[in-house]
Amino acid sequence: MNLLFHETFGSGRRLVMIHGWAMHSGVWRSWAQSLSENFRVTLVDLPGHGKSPSWAKVSLENIVESLATSVANEKVTWLGWSLGGLIALELARQYPQLTSSVVLVASNPSFIAKQNWPGVSQSWFDQFRNELIEDTNATLRRFIAMVGGNKPHIRQLRVLWNQYPAPSLETLLQSLALLASIDGRGTLPILQCPVSFMTGDNDPLVPVSVVQSISALTPNCCPLVLENTGHVPFLSHSEQMTRALMP
């Protein structure tokens, strides 16, 4: 089995943090260190991101299997940002015995819009993919600027992101295909654990209207809409998000 790089620190309830597309665990290390005062935090790098090596085959199934194996039969909170949230949902579906709760951070269960479900348009997604192939570095720079939001957060995110080399184009395309193909909407109604959803009201990738859509699917949902922030709310609202995670 392919293994993912992960590191664990702190004490308390187990919290596994799964980052988003094109990123790595270092981008939210500051928040994770704060959380470690109350949680035993595990940071994960997805295949080909951060310190994790690339895999010959990347699928939702083998990522989920690797993460489930890494927690050694403990019940954990799966916290996923963006693409990481879709992975967290699948972990909770396949491994309820390893799941105490799920936290979705700026993560839409269906990233691409479907009938009666808000998301990014298929045409926007296809254009983004084409631009990524044509000029990977320029597209990644624009992506960081888009998700960072304001200039201070763009600079901060860029510095954090640059701690490690960018994923290869192959890795980026594999991860992008996962983001487009996973549909976690059917998972939400069957989960028996609590589900938290944290999102910014100015997120360019996850419409704030998805809060109502998610809440309609699961009675266990605890939504938190963070004001004046976008796709990286943990850079500006980490204290508020931490309070929401406390029992």
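Take the residues of segment 69-80 that are under 17 Å from F5 (Cα atoms) and surrounded by 19 or more Cβ atoms within 10 Å (Cβ to Cβ): which is modelled with the lowest pLDDT? Here the residue is V71.
Within segment 50-80, which residues are closer than 24 Å to L235 by Cα, out of contact with any helix residue (DSSP H, G or I) (no Cβ under 7 Å at 6 or more places or on another chain) and not charged (D, E, K, R)? Give the derivation first.
Of the residues in segment 50-80, the ones closer than 24 Å to L235 by Cα are 50-52, 76-80.
Now drop any that are not out of contact with any helix residue (DSSP H, G or I) (no Cβ under 7 Å at 6 or more places or on another chain), which leaves 51-52, 77.
S52, T77 - these are the residues of segment 50-80 that are closer than 24 Å to L235 by Cα, out of contact with any helix residue (DSSP H, G or I) (no Cβ under 7 Å at 6 or more places or on another chain) and not charged (D, E, K, R).
Of the residues making up segment 66-80, those that are under 17 Å from the mean Cα position of the chain (by Cα) and either assigned to a loop (DSSP other than H, G, I, E, B) or not β-branched (V, I, T) (or both) are S66, L67, A68, W78, L79, G80. Within segment 123-133, the residues that satisfy the criterion of being farther than 21 Å from R158 by Cα and of a type outside the set (G, A, S) are W124, F125, D126, Q127, N130.
Considering segment 207-222, and only residues there that are of a type in the set (S, T, Y) and within 26 Å of P247 (Cβ to Cβ), the residue that is surrounded by the most Cβ atoms within 10 Å (Cβ to Cβ) turns out to be T218.
Only one of the numbered conditions (1) acidic (D, E); (2) out of contact with any Lys or Arg (no Cβ under 7 Å at 6 or more places or on another chain); (3) touching a residue at least 40 places away in the same chain (Cβ under 8 Å) is not met by E61, and that is (3). Of note, R40 satisfies the criterion of being of a type in the set (K, R), surrounded by fewer than 19 Cβ atoms within 10 Å (Cβ to Cβ), touching a Phe, Trp or Tyr at 6+ places or on another chain (Cβ under 9 Å) and without any contact (Cβ under 8 Å) to a residue 40 or more places away in the chain. Highlighted here are the helices (runs of 4 or more DSSP H) found entirely within segment 81-170 that include at least 1 residues which are free of Cβ contacts under 8 Å to residues at least 40 places away in the same chain and out of contact with any helix residue (DSSP H, G or I) (no Cβ under 7 Å at 6 or more places or on another chain): 122-134, 136-148, 151-161.
Any idea which of L104, L60 is surrounded by fewer than 23 Cβ atoms within 10 Å (Cβ to Cβ), modelled with pLDDT of 95 or more and of a type in the set (A, V, I, L, M, F, W, C)? None of the others qualify; the one that does is L60. Under the condition of being surrounded by fewer than 19 Cβ atoms within 10 Å (Cβ to Cβ) and of a type in the set (S, T, N, Q), which residue from segment 1-29 is nearest to the chain's Cα centre (by Cα)? Checking each candidate, the answer is T8. Taking the conditions (1) in contact (Cβ under 8 Å) with a residue 24 or more places away in the chain; (2) within 21 Å of N116 (Cβ to Cβ); (3) in a helix (DSSP H, G or I) in turn, T199 satisfies each one other than (3). Of the residues in segment 225-239, not one is more than 24 Å from S34 (Cβ to Cβ), of a type in the set (G, A, S) and either surrounded by 15 or more Cβ atoms within 10 Å (Cβ to Cβ) or touching a residue at least 24 places away in the same chain (Cβ under 8 Å) (or both).
Would you say L46 is buried (at least 24 other Cβ atoms within 10 Å of the Cβ) and assigned to a loop (DSSP other than H, G, I, E, B)?
Working: buried (at least 24 other Cβ atoms within 10 Å of the Cβ): yes; assigned to a loop (DSSP other than H, G, I, E, B): yes.
So L46 fits the description; yes.
Name the residue, out of K51, K57, that is part of a loop (DSSP other than H, G, I, E, B), over 30 Å from T229 (Cα atoms), out of contact with any strand residue (DSSP E or B) (no Cβ under 7 Å at 6 or more places or on another chain) and charged (D, E, K, R). The match here is K57.
The values are calculated or read from the model by the stated rules, or taken from the named source; none is laboratory data. For clarity, every value in this text was computed on a predicted model and none was experimentally measured. Neighbour counts are summed over all protein chains in view; Cβ atoms, including those assigned to glycine, are modelled from backbone coordinates with ideal geometry.
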